[in-house]
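The values are calculated or read from the model by the stated rules, or taken from the named source; none is laboratory data. Please read all numbers here as calculations on a predicted model, not as lab measurements. Methodologically, a virtual Cβ is constructed for each residue, glycine included, from the backbone with ideal geometry; neighbour enumeration extends over all protein chains shown.
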Amino acid sequence: MAVTNEDVKYVADLARLQLSEEEVEQLKGDMNRILDYMETLGELDTSDVEPLEHVTDLNVSFRKDEAGEPLSHEDALKNAPDADSDYFRVPRVIE
């Protein structure tokens, strides 16, 4: 199945992208090369390959979720770009 210019434009429209005709042609070529590569991979014999969740063994170690000392009010506001005595001061976003 070959990707057409209309396919590229449809996907670009879904992604809210505006593409020039040159970009459409380039992406069409890229997408067709990806599909050709996938067909090549589909020809491989994988009957003896065990399905994997990850390519490598992952040994994820999580830290214990333990409560610690909270930051003091002064430490929390120490690096704030703008603060009054009690709060972070931020630009107004609601008019």
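Things worth noting here:
- Residue in the stretch 83-93 that is surrounded by 10 or more Cβ atoms within 10 Å (Cβ to Cβ), modelled with pLDDT under 90 and charged (D, E, K, R) present: yes
- Residue count for the stretch 1-54 under the criterion of being out of contact with any Lys or Arg (no Cβ under 6 Å at 6 or more places or on another chain), among the hydrophobic types (A, V, I, L, M, F, W, C) and in a helix (DSSP H, G or I): the result is 10.
- Restricting the first member to the stretch 31-46 and to residues that are within 12 Å of residue 2 (Cα to Cα), and the second to residues that are of a type outside the set (S, T, N, Q) and assigned to a loop (DSSP other than H, G, I, E, B), the beta-carbon pairs closer than 6 Å and six or more apart or on different chains are 31/3; 32/2; 32/3.
- Top-ranked residue of the stretch 72-82 - restricted to ones that are out of contact with any strand residue (DSSP E or B) (no Cβ under 9 Å at 6 or more places or on another chain) and not hydroxyl-bearing (Ser, Thr, Tyr), ranked as modelled with the highest pLDDT: 75
- Test: residue in the stretch 64-71 that is surrounded by 11 or more Cβ atoms within 10 Å (Cβ to Cβ) and either at pLDDT 85 or above or part of a loop (DSSP other than H, G, I, E, B) (or both): no
- Residues that are of a type in the set (Gly, Ala, Ser) and over 22 Å from the mean Cα position of the chain (by Cα) were ranked within the stretch 6-47; the one that is surrounded by the most Cβ atoms within 10 Å (Cβ to Cβ) is 29.
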